[in-house]
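A.B. asks: Please read through the structure below; I'll follow up with questions.
The values are calculated or read from the model by the stated rules, or taken from the named source; none is laboratory data. What you see is a predicted model, and the numbers here were worked out from it, not measured in a lab. Here the Cβ is made from the backbone with ideal geometry for all residues, glycine too, and neighbour counts use every protein chain on show.
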Amino acid sequence: MSLHATRHFLPRIAPLLAMLLLAGCVTAPPAPTRPPADTRSEIVRRMPAKVAERERWAADIETAFAAQRIEPTTENICAVLAITEQESGYVANPAVANLPRISRGEIDRRAATMHVPKFMVDAALALRSPDGRTYAERLRTVRTERDLSDIYEDMIGSVPLGKRLFADYNPVQTGGPMQVGIPFAESKASGYPYAVQGSIRDEVFTRRGGLYFGIAHLLGYETPYTRKVHRFADYNAGWYASRNAAFQRAVGIAAGATLALDGDLLDPGAPLDKPGQTERAVRSLADALRMDDRAIRGALEQGNRLAFGDTDLYARVYALAEARAGTPLPRAVIPGITLESPKITRELTTAWFATRVDERYRNCLQR
């Protein structure tokens with residue numbers, strides 16, 4: 001078609017293009033076009049040689065990709081395999097070292113917080129649980145998070161002190177081969193491709209469920225990143241934590257302040273008149289940003305969405321920061337977070353986690 005003809009043709013198709021673009025905004029992404037057998041074959045080939053039941057792992061991963069309409073590219077496959085290897089070593093319900101001591105310590109800690117005497121705790125644990133053993137016996141032999149979760153569920157459901165200590169809140173909040181958060185999985189239950197026999201919590205501790213929800217957490221959102229390591233950091237620290245940490249760094253440069261680069265732009269539940277550290281620093285730039293406190297709060301509230309990167313606040317902060325720094329600033333940095341969990345026995349950070357996973361990812365790409 002000639003240039004002249006194109007000029008006359010475009011006005012006629014513009015309305016149609018607009019309709020198609022609008023439709024594309026409200027429809028699900030297309031299903032993967034790659035044949036399932038090819039996907040499964042590549043997954044098997046890229047796993048470490050020591051993995052058992054390789055075909056079953058591959059089948060569950062491929063099913064999760066297909067159900068969530070995630071394209072099974074080599075990069076996506078290796079990202080999933082790297083997280084799985086790091087979190088569980090390809091074990092659906094991995095054992096946790098020193099879990100009996102950790103679990104009893106958690107119960108004693110909660111009891112002390114509520115001023116419950118130790119003899120009352122001992123008496124409660126001496127009661128028979130639904131499987132015939134006492135709770136104390138079960139705690140002494142607990143090996144996996146699923147076992148511990150089942151104990152807590154039974155205690156909450158049948159022991160008065162259990163409900164008092166846990167208030168219907170099961171302390172086990174992650175599980176499965178990708179160590180995905182159970183609250184996250186419960187929020188993503190719609191579209192789950194398997195029949196649920198018990199609960200979504202139960203499914204997380206299975207290979208199929210842990211992979212499905214772990215893949216949703218890892219790949220089920222759009223990012224502005226150019227390197228997978230920042231997505232790996234998000235897997236540990238929360239969606240968009242790497243982008244938000246870079247924004248915090250820019251705010252600090254623009255405001256001449258030192259901020260924690262944790263990816264949390266707002267303090268949860270903070271009223272407008274009691275802003276958190278990052279928000280206070282942004283407000284100190286209000287005149288230069290040409291934004292008032294409410295406009296700043298409204299923009300920061302989008303920090304858990306991709307759209308935050310399109311806000312005026314985001315663009316203006318970077319303009320100020322780069323003018324002051326005299327150089328372009330990164331749009332993603334690994335958050336500076338120290339990991340805390342009773343399961344962790346040495347000091348670990350989000351940077352350590354993301355870097356370790358990225359090494360596994362690169363090894364997978366080379367296999």
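A.B. asks: Just checking, which of S149, S88 is more than 22 Å from Q366 (Cα to Cα), within 28 Å of the chain's Cα centre (by Cα) and of a type in the set (G, A, S)?
C.D. replies: Details: S88 fails: more than 22 Å from Q366 (Cα to Cα).
S149 is the lone residue from the list that is more than 22 Å from Q366 (Cα to Cα), within 28 Å of the chain's Cα centre (by Cα) and of a type in the set (G, A, S).
A.B. asks: Looking at segment 159-182, which of its residues are part of a loop (DSSP other than H, G, I, E, B) and crowded, with 19+ Cβ neighbours inside 10 Å?
C.D. replies: Quick first cut of segment 159-182, residues part of a loop (DSSP other than H, G, I, E, B) only: 159, 167-173, 176-179.
Across segment 159-182, the qualifying residues are V172, G176, P177, M178, Q179.
A.B. asks: Need pairs with beta-carbon distance below 7 Å; first residue farther than 21 Å from R280 by Cβ and assigned by TED's automatic domain parsing to the domain that holds A288 and within segment 307-329, second among the basic types (K, R) and assigned to a helix (DSSP H, G or I); sequence gap 6+ or separate chains.
C.D. replies: Note: pairs meeting the criteria are G309/R243.
A.B. asks: A further question follows. Being of a type in the set (D, E, K, R) and buried (at least 18 other Cβ atoms within 10 Å of the Cβ) is the requirement here; does E301 meet it? Working first, answer last.
C.D. replies: Details: of a type in the set (D, E, K, R): yes; buried (at least 18 other Cβ atoms within 10 Å of the Cβ): no.
Answer is no for this residue.
A.B. asks: Being of a type in the set (K, R), over 29 Å from F353 (Cβ atoms) and at pLDDT 95 or above is the requirement here; does R290 meet it? First the steps, then the outcome.
C.D. replies: On the way: of a type in the set (K, R): yes; over 29 Å from F353 (Cβ atoms): yes; at pLDDT 95 or above: yes.
Here the answer is yes, as R290 does meet what is asked.
A.B. asks: Something else: Between residues in segment 181-198 that are under 15 Å from G214 (Cβ atoms) and residues that are assigned to a strand (DSSP E or B), which pairs lie under 8 Å by C-beta distance while being six or more apart or on different chains?
C.D. replies: G181/T174; I182/T174; I182/G175
A.B. asks: Regarding I156, is this residue modelled with pLDDT of 95 or more and either buried (at least 16 other Cβ atoms within 10 Å of the Cβ) or in the same structural domain as E359 (by TED's automatic domain parsing) (or both)?
C.D. replies: Numbers: modelled with pLDDT of 95 or more: no; either buried (at least 16 other Cβ atoms within 10 Å of the Cβ) or in the same structural domain as E359 (by TED's automatic domain parsing) (or both): yes.
No, not satisfied.
A.B. asks: Then there's this: Enumerate the pairs (first residue in segment 152-172 and touching a residue at least 40 places away in the same chain (Cβ under 8 Å); second residue anywhere and among the hydroxyl-bearing types (S, T, Y) and surrounded by 14 or more Cβ atoms within 10 Å (Cβ to Cβ)) with beta-carbon separation below 8 Å, excluding pairs fewer than 6 apart on the same chain, so at least 6 apart or on different chains.
C.D. replies: F166/Y152; P171/Y152
A.B. asks: Looking only at segment 115-136, decide whether some residue is hydroxyl-bearing (S, T, Y), over 20 Å from the mean Cα position of the chain (by Cα) and part of a loop (DSSP other than H, G, I, E, B). Give the derivation first.
C.D. replies: To start, the set of residues in segment 115-136 that are hydroxyl-bearing (S, T, Y) comprises 129, 134-135.
From what is left, the residues that are over 20 Å from the mean Cα position of the chain (by Cα) are 129, 134-135.
Those left that are additionally part of a loop (DSSP other than H, G, I, E, B): 129.
The answer is yes; a qualifying residue exists.
A.B. asks: For Y212, indicate whether it is of a type in the set (F, W, Y) and buried (at least 23 other Cβ atoms within 10 Å of the Cβ).
C.D. replies: Details: of a type in the set (F, W, Y): yes; buried (at least 23 other Cβ atoms within 10 Å of the Cβ): yes.
Judged against the criteria, Y212 is a match.
A.B. asks: Could you please let me know if A185 is under 29 Å from D234 (Cα atoms) and part of a helix (DSSP H, G or I)? So that I can check it myself, show each step before the final result.
C.D. replies: On the way: under 29 Å from D234 (Cα atoms): yes; part of a helix (DSSP H, G or I): yes.
Against the criterion (under 29 Å from D234 (Cα atoms) and part of a helix (DSSP H, G or I)), A185 qualifies.
A.B. asks: Separate question: Quick one: is E203 assigned to a helix (DSSP H, G or I) and surrounded by fewer than 18 Cβ atoms within 10 Å (Cβ to Cβ)?
C.D. replies: Details: assigned to a helix (DSSP H, G or I): yes; surrounded by fewer than 18 Cβ atoms within 10 Å (Cβ to Cβ): no.
For E203, the condition - assigned to a helix (DSSP H, G or I) and surrounded by fewer than 18 Cβ atoms within 10 Å (Cβ to Cβ) - is not met.
A.B. asks: If you don't mind, another one. Looking for something in contact with a Pro (Cβ under 8 Å, 6 or more places away or on another chain) and among the basic types (K, R) - is there at least one such residue anywhere in segment 144-161?
C.D. replies: Within segment 144-161, none of the residues are in contact with a Pro (Cβ under 8 Å, 6 or more places away or on another chain) and among the basic types (K, R).
A.B. asks: Checking R109 against (1) more than 16 Å from G162 (Cβ to Cβ); (2) assigned to a helix (DSSP H, G or I): exactly one of these is not met. Which one?
C.D. replies: Of (1) more than 16 Å from G162 (Cβ to Cβ); (2) assigned to a helix (DSSP H, G or I), only one is false for R109: (1).
A.B. asks: Which count do you get for residues in segment 231-245 that are out of contact with any Asp or Glu (no Cβ under 8 Å at 6 or more places or on another chain) and under 14 Å from Q302 (Cβ atoms)?
C.D. replies: Looking only at that region, the number is 2.
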